[in-house]
Amino acid sequence: MILRRLIIAFKIVKAHAASGIFDSVWYRQKYPQIGRTPLMHFALFGIYEGKYPAAKFNIENYLTLNPDVKAAGVHPVIHYMLNGWKEKRPLSITEKHRSLLSRVVIPKQAERGLLVPPDLNRMKITWVIPDFISGNGGHMTIFQMASHLEKKGHDVSLLILNPTYHESVAEVRKTMRQSFVKFGGKIFFCGSDLLELEGDVLIATDSHTCYPVRAMSGFRRKFYFVQDHESEFHPMGTDALLAEYTYSMGFDCLSCGEWLHRMMSERYDCWSRIWHLSHDREFYFFDPGIPRSARRIVFYARPVTTRRAVELGLMALEILARRGVDFEVDFFGWDLGKPELPYSYKSHGVLNASRLGDLYRRGALGLVFSATNHSIINKEMMACGLPVIDLDVESVRSVFPDDVLKRVKTHPEEIADAIEELLGNEQTRGGFSGAGIAYANRFSWEESGGIIEAALRERLS
């Protein structure tokens, strides 16, 4: 605990000038009893005593305006000083609406006539993406598709909107090389020359990127790479409505799975082409020679992503412990720290593909909850022979056949019953394992990349 505080204090002292939030004069006047330099006192003690770094920073306001920080259980001051300022997180309602205004109201450029016809064998394709860190599954899928198009001979670029985690293109390439896929195309940050870019295809990849994509006129065709129904990420209000509005922008939709394909084409009346998630066969495969535990539960526990419904799983596991069921849990996807739980567990944090594959090949069953569109992790687990439990919701029902995973109602007792049933029945686990392997291996990134490539060509023709 002491070492962790010292490390955090060092990071805060190092970052305080860039964040611009700490006011040493105000802090000394507000807390005259500190008896040492204001910044050091705040970094070592004040944060944990509930003291504010400046008059303009209110902890309750910050958590209200940034509910994902509250959901993640991260200290609001630490979050802002280390990351929030780079992400342009609002400190007040005025800052929030002005931040939204700058993101969603972008003057549209006059339409340009592109005289040279497109070369469908070497399309100029630009993906507009948010910045990213290791462990972002949505970015892994984007990079798989971009890499496929690059290998097919197309001129592929990545345009990073609002860079917050990377300060240079070299850093971006390093992260991609270490945690994602090899990519040789152009990478650049959004800047003042945003509206001057030209090409054949421009692809938005989330609701935030749709707004600048709409404003850019130098491209023949615009697409929306839809991996989820993002309006459901937010409580009904401004953020949800702005996310839903993007489906009315007239982009051609490249929709991940049946649920999103039907939604884009039927609810929003968009042109839509369906493609499917797959898995990397280098890391996710079945090996019958590896001994598999009969009691290890592999749980995708990423509390900062609320649609993963982590609390449902934690409640179910607590119920199992009260029943006296013998099990242990491998948490992954986020650093959970060392929570006090009434059962044996390991918190692995964010793992690379190699370590994930090894974890999946050794577990008894996997918990992956999808309150909106399904996760790529389902098929990765299946490919390794790990039986999967997911929620019995429309998005999951529309994608997965009945025999390839166990669907459960959204109540912790029913989830606990399903886990207990699978842990106690090796034959049932084996049935889901075999069916899951066969199902996962029906799909490939090459096939999905080919679908995307054909859709781009079709709409350009």
Taking Cα atoms only, Rg over Rh for region 358-460 with Rh from the Kirkwood formula is 1.05
So, for the Cα atoms of region 2-102, Rg and Dmax in Å stand at 13.5, 43
Relative contact order of the chain, pairs being alpha-carbon contacts under 8 Å that are 6 or more residues apart, as %: 12
Residues TYR31, TYR62, TYR245 in order from fewest to most other beta-carbon atoms within 10 Å are TYR245, TYR31, TYR62
Quick check for you: which residues of region 122-160 have the amide N under 13 Å from the point 7 Å beyond the Cα of VAL350 toward its beta carbon? 131-140
Taking PHE283, PHE331, PHE42 and counting other beta carbon atoms within 10 angstrom, the fewest-first order is PHE283, PHE331, PHE42
Please report the orientation-averaged projected area of region 228-325, defined via the convex hull of its C-alpha atoms, in nm². 10.0
In the chain, which helices (entire DSSP H runs) extend 24 Å or more along their own long axis, judged by Cα positions, while averaging at least 1.6 on the Kyte-Doolittle scale? none
How far is the Cα center of region 120-161 from the Cα center of region 404-446, in Å? 32
Segments 74-85, 16-27 sorted - mean Cβ within 10 Å per residue, highest first: 74-85, 16-27
Efficiency of FRET between GLU60 and ARG281 - r from beta-carbon atoms, R0 60 angstrom, step 0.05: 0.80
Theoretical FRET efficiency, 1/(1+(r/R0)^6), r = Cβ-Cβ of ASP269 and ILE34, R0 41 Å, to 0.05: 0.10
Quick calc: nm separation of the 7 Å Cα→Cβ label points for ARG4 and ASP402 -> 4.6
Relative packing of peptides 337-350, 298-311, 418-431 - highest average C-beta neighbours within 10 Å first: 298-311, 418-431, 337-350
Nearest-0.05 FRET efficiency for ARG262 and ASP392, computed from C-beta distance (R0 25 Å): 0.85
In debye, nearest 20, what is the charge dipole magnitude of region 296-440 about its Cα centre with +1 on Lys and Arg Cβ and -1 on Asp and Glu Cβ, if you could check? 420
Residue-ordered couplings for region 76-86, obtained by feeding phi - 60° into the Karplus form 6.51 cos²θ - 1.76 cosθ + 1.60 and rounding to whole Hz (Gly and Pro as x), are x, 5, 4, 4, 5, 5, 9, 9, x, 5, 5
Residue-averaged 222 nm ellipticity for the chain, from DSSP H runs of 4+ at -39500 (n - 2.57), nearest 500: -12000 deg cm²/dmol
Just to be sure I follow: if Rg is taken over the C-alpha atoms of the chain and Rh is the Kirkwood radius over the same atoms, what is Rg/Rh? 0.99
Taking the Cα centre of region 2-102 as origin and charging only Cβ (+1 Lys, Arg; -1 Asp, Glu), how large is the dipole, in debye to the nearest 20? 200
Beyond 25 Å, what share of the Cα-Cα pairs of region 294-422 is found? Please give it as a whole percent. 15
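Read-outs: derived from the displayed coordinates by stated rules, not from any lab. Values in this document were obtained by computation on a predicted structure and should not be read as measured data. Cβ atoms come from the backbone with ideal geometry, glycine included; neighbour counts cover every protein chain shown.
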